[in-house]
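> Take a look at the following structure, please.
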Amino acid sequence: MLSRYRKTINRFFERIASPITFLPPNAITVFALLFSFLPAYLFYRGMLQPAAILLLLSGGFDVLDGAVARLTDRTSSFGGFLDSTFDRISDLAILAGIALSGIVDWRLVLFTTFGSFMVPYCRARGEAAGSQEMAVGIAERAERQLFLVAAALLHPYASEANILEISVGILGVVAWITVVQRIVKAKQTLE
């Protein structure tokens, strides 16, 4: 859903990235991954609001590598591969931190983790097979992260309802819906 605002978002991050164009984009990718372990650890410790704020920052750092690469004409296939690979590691770290916190049932986190990993897999596999229209679905990575940030920020105000657990469940469902949407798109564009 946020992909329709990609140009606006890219321009915003390119303005932020302009002072750091001396850094190699892949170095920023590595930094973004390492930084993502901070909110993962805070989730594990049950410190949800600080984890949410750092997760939001982590998402911002994750976008900066591409902005620097575009501004300096240093985009590369390897950079895209590295970014995508590190995104999966970051996602796993965050979800593992939530599972290990005990706030959310680990089985629900596992359901959501599989869905979250299948979303980019379907896109990558569809694109590798020749489809150029695989960026579809209601729950791409940015949306899932923003939803998780909101849930973690709100959880302490209604912890008896376990907003985080409900939100992780919703994330799992929408991730799997996105997987189905991408399978349908692959069928439409690859047959």
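Residues checked against (1) surrounded by 14 or more Cβ atoms within 10 Å (Cβ to Cβ); (2) modelled with pLDDT under 95; (3) touching a Leu at 6+ places or on another chain (Cβ under 9 Å):
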{"position": "S58", "(1), (2), (3)": "yes, yes, yes"}
{"position": "D65", "(1), (2), (3)": "yes, yes, yes"}
{"position": "I89", "(1), (2), (3)": "no, no, yes"}
{"position": "I98", "(1), (2), (3)": "yes, no, yes"}
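> In addition: Taking the stated definitions as given, is R74 in a helix (DSSP H, G or I), under 28 Å from K7 (Cβ atoms) and touching a residue at least 40 places away in the same chain (Cβ under 8 Å)?
No, not satisfied.
> Working only within the range 126-151, note down all residues that are in contact (Cβ under 8 Å) with a residue 12 or more places away in the chain, over 24 Å from Q49 (Cα atoms) and charged (D, E, K, R).
Hit for the range 126-151 is E133, nothing else.
> Moving on. Among (1) assigned to a helix (DSSP H, G or I); (2) touching a residue at least 60 places away in the same chain (Cβ under 8 Å), there is one condition V104 misses while meeting the rest; what is its number?
Failing condition for V104: (1).
> Has the range 13-21 got any residue that is within 18 Å of E143 (Cα to Cα), outside any loop (DSSP other than H, G, I, E, B) and at pLDDT below 95?
So far as the range 13-21 goes, yes, one or more of its residues are within 18 Å of E143 (Cα to Cα), outside any loop (DSSP other than H, G, I, E, B) and at pLDDT below 95.
> While we're here: Among the residues of the range 130-155, write down those that are at pLDDT 90 or above and assigned to a helix (DSSP H, G or I).
Within the range 130-155, Q145, L146, F147, L148, V149, A150, A151, A152, L153, L154, H155 meet the criteria.
> I would also like to ask the following. I need a count of the residues in the range 152-172 that are in contact (Cβ under 8 Å) with a residue 40 or more places away in the chain and on the phi < 0 side of the Ramachandran plot.
Total satisfying the criteria: 10.
The values are calculated or read from the model by the stated rules, or taken from the named source; none is laboratory data. Since we're looking at a predicted model, the values are computed, not measured. Every residue, glycine as well, gets a Cβ built from its backbone with ideal geometry; the counts of neighbours run over all protein chains shown.
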